[in-house]
1. Take every Cα pair under 8 Å in the chain that's 6+ residues apart, average their separations, divide by the length, and report that relative contact order as a whole percent.
2. Counting Lys +1, Arg +1, Asp -1, Glu -1, what net charge surrounds TYR81 among other residues with beta carbon under 15 Å of its beta carbon?
3. Please list the equivalent ellipsoid semi-axes of the chain, computed as the square roots of five times the alpha-carbon gyration tensor eigenvalues, in descending order and whole angstrom.
4. Solvent-accessible area of ARG178, probe 1.4 Å, all protein chains present, reported in Å² to the nearest ten, please.
5. Please give the length that would be gained between ASN91 and ASN168 if that part of the chain were fully extended, namely 0.36 nm times their separation in residues minus their C-alpha to C-alpha distance (nm, one decimal).
6. Could you sort ASP124, ASP162, ASP155 by accessible area so the largest value comes first, with the probe set to 1.4 Å?
7. Which of the pairs LYS14/LYS101; LYS101/LYS181; LYS33/LYS141; LYS152/LYS181 have their Cα atoms more than 24 Å apart in this structure?
8. Using a 1.4 angstrom probe on the protein heavy atoms only, could you order GLU170, GLU19 from most to least accessible area?
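The values are calculated or read from the model by the stated rules, or taken from the named source; none is laboratory data. Bear in mind that the values here come from a model prediction, so they are computed numbers and not experimental data. Note that each Cβ is placed from the backbone with ideal geometry, even for glycine, and that neighbours are counted across all protein chains shown. Each accessible area value is taken on the protein alone, full model and side chains, heavy atoms only, with ligands, DNA and RNA left out. Shrake-Rupley method; radii C 1.70, N 1.55, O 1.52, S 1.80 Å.
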Amino acid sequence: MGNIGWGLPIGYTKVLYVESDGTNYVDTGVIGKHGISCEGRIAFVKIPNDATFIGSRTDSGHTRIYLLHYFQKPTYGYGQYYQCGTAATANTIYDFATVLKVGEQSLTWNGEVIGTNNISNELDTGYTIYIFALNQTNVMKWPTQGRLYYLKIWDNDILVRDYIPCTNKEGTYGLWDRVNKTFSTSVGTPLIGA
């Protein structure tokens, strides 16, 4: 697919998606706190019972920032967790958008708002958000075996991450952030992709 139109540097090649095997994750470097929102396109390679696609939390569990979790069906978390919609299907592409602001929380799934809240608490996990797993006090928990096609993250409506799946000149799969001009690979086993 090349790098034309994607803002990728020379030596990087756009791919359709990157895939986690359920033992690895990507650290976004973005703290999970109120004011965070995102949108992306994903697929579950294997439908989990209880797993995080994008999120962070403290040990107590009551300070959750789940931009996308899956507990029997799509779930988001702001303090507590909220199951929404219906069960997903493996190897099916889903578009989603999550808003986790003070007084405004929602999960949109394939263009339909499937969950809303208006919790007024300010939350700050103090830990960065992981992709393909949950960052619980700097420990990977509840990993997801899934694919990421793209992901954008906003902090109080400022775009802070704009991830494009790609390979670098060594052929390593990862995510190019068009905001910060950085390439992130997985912690643990290497990502695969297509």
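1. Computed value for the chain: 31 percent relative contact order.
2. So the environment of TYR81 carries a net charge of +3.
3. In descending order, the three semi-axes are 26, 17, 16 Å.
4. Counting only protein heavy atoms, the figure is 70 Å².
5. 25.2 nm
6. ASP124, ASP155, ASP162
7. Pairs exceeding the cut-off: LYS14/LYS101; LYS101/LYS181.
8. My answer, sorted largest first, is GLU170, GLU19.
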